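A.B. asks: If you scroll down you'll find the structure; I have some questions about it.
The values are calculated or read from the model by the stated rules, or taken from the named source; none is laboratory data. Predicted model, so just to flag it, every value in this text is computed and none were measured. Glycine also receives a Cβ, built like all others from the backbone with ideal geometry; neighbour counts cover every protein chain displayed. In case anyone asks, the SASA skips ligands and DNA or RNA and just uses the protein heavy atoms, side chains included. Shrake-Rupley method; radii C 1.70, N 1.55, O 1.52, S 1.80 Å.
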Number of protein chains: 2
Amino acid sequence: MSVVAERAEVFAALGDPNRLRILDHLTRSPASATALVEDLEITRQAVAKHLRVLEGAGLVEGARTGREVRFELRPAQVERAARWLDDVAVGWERRLAAVKRAAES
Amino acid sequence: MSVVAERAEVFAALGDPNRLRILDHLTRSPASATALVEDLEITRQAVAKHLRVLEGAGLVEGARTGREVRFELRPAQVERAARWLDDVAVGWERRLAAVKRAAES
DNA sequence: CTCAGGTGCAACTCGATAGTTGCACGATGC
DNA sequence: GCATCGTGCAACTATCGAGTTGCACCTGAG
């Protein structure tokens with residue numbers, strides 16, 4: 001997959017309110033799909049689908065312990081996405097500064 | 001709109017390869033919809049739709065100059081999204097450190 | 001005035017996605 | 001062994017989203 005498509009997949013995974021809530025919960029502590037149902041008012045299967053999307057984007061990883069699967073955050077992709085957004089913002093500000101400099105000369 | 005829904009809207013707007021390419025282009029210089037068509041191999045109307053999505057998320061703003069509409073980046077939302085991602089990553093690392101400390105005591 | 005370039009709006013197709021229900025399977029506790 | 005808890009898989013609905021074509025409307029240049 002191309003680098004831009006991969007980036008888009010990560011952002012798309014972040015582009016759903018329920019998934020953001022799941023991610024927010026997982027920031028505080030790992031949890032299983034059934035545990036996450038309580039604060040989401042959707043079914044367990046829907047939660048499981050969201051977790052698969054998040055896992056597909058590399059934002060989260062699940063590991064089986066006994067009969068439950070605990071999902072925990074995987075910060076690498078989160079940081080990568082944050083860094084790209086910073087680059088976009090910084091690049092733009094730099095361009096604005098260059099335009100301003102040109103106008104003053 | 002709730003804060004989480006708004007965040008999701010921003011990330012959803014970023015969750016498409018063509019929109020990422022548009023954003024990348026706009027980082028370097030403002031452009032109109034028809035100008036953006038050249039490096040995207042989709043129609044002008046599709047580009048216009050993407051621009052409306054980006055504008056709806058507050059990532060971009062268009063202003064009419066003569067008979068064309070120049071779109072330029074709006075870094076505020078970009079920075080806000082980056083900051084939230086940083087918070088997620090930092091919060092998780094902090095939790096990991098706390099768990100480690102607890103295990104060592 | 002006329003014509004061309006740039007936008008905008010509307011209707012349509014089609015694949016992806018969020019959500020559901022129903023059921024089957026493996027691991028745990030008694 | 002057996003009831004149960006947590007998962008996983010499959011089928012289905014319905015909505016959203018990306019992309020297209022076609023047409024109408026302004027604005028600027030000759």
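A.B. asks: Right, B:Glu93: acidic (Asp, Glu) and either under 15 Å from the mean Cα position of the chain (by Cα) or open to solvent by 80 Å² or more (accessible area, probe 1.4 Å) (or both) or not?
C.D. replies: Criteria not met by B:Glu93.
A.B. asks: State which residue pairs qualify: first residue closer than 20 Å to A:Leu85 by Cα and inside segment B:85-101, second residue among the small types (Gly, Ala, Ser) in any location, beta carbons under 7 Å apart, and separation of 6 or more residues or different chains.
C.D. replies: Close Cβ pairs (under 7 Å, with a partner that is among the small types (Gly, Ala, Ser)) amount to B:Leu85/A:Ala81; B:Leu85/A:Ala82; B:Asp86/A:Ala82; B:Ala89/A:Ala82.
A.B. asks: Sort through A:Val60, A:Val47, A:Val90 and tell me the only one that's within 11 Å of chain B (Cβ to nearest Cβ), under 20 Å from B:Ala12 (Cβ atoms) and at pLDDT 95 or above.
C.D. replies: Answer to the selection: A:Val60.
A.B. asks: Separate question: For segment A:12-45, how many residues meet the condition of being part of a helix (DSSP H, G or I) and within 28 Å of B:Leu54 (Cβ to Cβ)?
C.D. replies: 12
A.B. asks: Shifting gears a bit: Within segment B:1-16, track down each residue that is modelled with pLDDT of 95 or more, farther than 12 Å from A:Arg21 by Cα and more than 7 Å from chain A (Cβ to nearest Cβ).
C.D. replies: If the condition is that a residue be modelled with pLDDT of 95 or more, farther than 12 Å from A:Arg21 by Cα and more than 7 Å from chain A (Cβ to nearest Cβ), then B:Glu6, B:Glu9, B:Val10, B:Ala13 are the ones that fit.
A.B. asks: Okay, moving on. Would you call B:Gly58 outside any helix (DSSP H, G or I) and closer than 19 Å to A:Val90 by Cα?
C.D. replies: The answer is yes for B:Gly58.
A.B. asks: Looking only at segment B:1-49, which residues are at negative phi and among the charged types (D, E, K, R)?
C.D. replies: Answer for segment B:1-49, where residues must be at negative phi and among the charged types (D, E, K, R): B:Glu6, B:Arg7, B:Glu9, B:Asp16, B:Arg19, B:Arg21, B:Asp24, B:Arg28, B:Glu38, B:Asp39, B:Arg44, B:Lys49.
A.B. asks: For A:Arg83, work out the one condition from (1) closer than 21 Å to B:Arg7 by Cα; (2) within 12 Å of chain B (Cβ to nearest Cβ); (3) surrounded by 14 or more Cβ atoms within 10 Å (Cβ to Cβ) it doesn't fulfil.
C.D. replies: Result: A:Arg83 fails condition (3) only.
A.B. asks: Among the residues that make up segment B:34-44, is at least one of them within 16 Å of DNA strand C (Cβ to nearest atom), modelled with pLDDT under 95 and more than 13 Å from chain A (Cβ to nearest Cβ)?
C.D. replies: Among the residues of segment B:34-44, at least one is within 16 Å of DNA strand C (Cβ to nearest atom), modelled with pLDDT under 95 and more than 13 Å from chain A (Cβ to nearest Cβ), which makes the answer yes.
A.B. asks: So, B:Ser29, is that one open to solvent by less than 60 Å² (accessible area, probe 1.4 Å) and over 30 Å from A:Ile22 (Cβ atoms) or not?
C.D. replies: Taking the combined requirement at face value, the residue satisfies it.
A.B. asks: Return the only residue of A:Glu38, A:Glu55, A:Glu72, A:Glu61 being within 13 Å of DNA strand D (Cβ to nearest atom), more than 26 Å from B:Arg80 (Cα to Cα) and open to solvent by 10 Å² or more (accessible area, probe 1.4 Å).
C.D. replies: A:Glu38
A.B. asks: Okay, next question. Look at segment A:61-105 and say how many of its residues are under 28 Å from A:Asp16 (Cα atoms) and in a helix (DSSP H, G or I).
C.D. replies: Residues meeting the conditions: 18.
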